[in-house]
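Taking it in order: structure first as structure tokens, then the write-up.
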Amino acid sequence: MTGRWTVPAAELRERFSRSSGPGGQGVNTADTRVELSFDLANSPSLPESLRTRALERLAGRLVGGVLTITASEHRAQLANREAA
């Protein structure tokens, strides 16, 4: 397969929680940490050849076929969403 493939937004799951990094007054009240999950093993939009290759290459990072990316380096939730 050549070119690019984009994960459909409907197949992404976001979860927000409190970040443990630097902050300020709102550090204990704002859910700025973002976990973005994609069910790689069961995605209906992923071509089979790409799925097989991705499952092999990302095996050490998957839990139950799901890839999760965490971003908490920014103080703003939107910036962490974009980073993830």
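No value in this document is a laboratory result; all are computed from the given coordinates. What you are looking at is a predicted structure, and each value in this text was computed from that prediction instead of being measured. FYI the Cβ positions are ideal-geometry reconstructions off the backbone, even for glycines, and counts take in every protein chain you see.
Each of V7 and D31 was given a label point 7 Å from its Cα along the Cα-to-Cβ line. The distance between the two points is 1.9 nm. Each residue, V66 and E14, gets one label point 7 Å from its Cα in the Cβ direction; the gap between the two is 1.7 nm.
Computed from the C-beta positions of S45 and E73, the FRET efficiency with R₀ = 25 Å rounds to 0.30.
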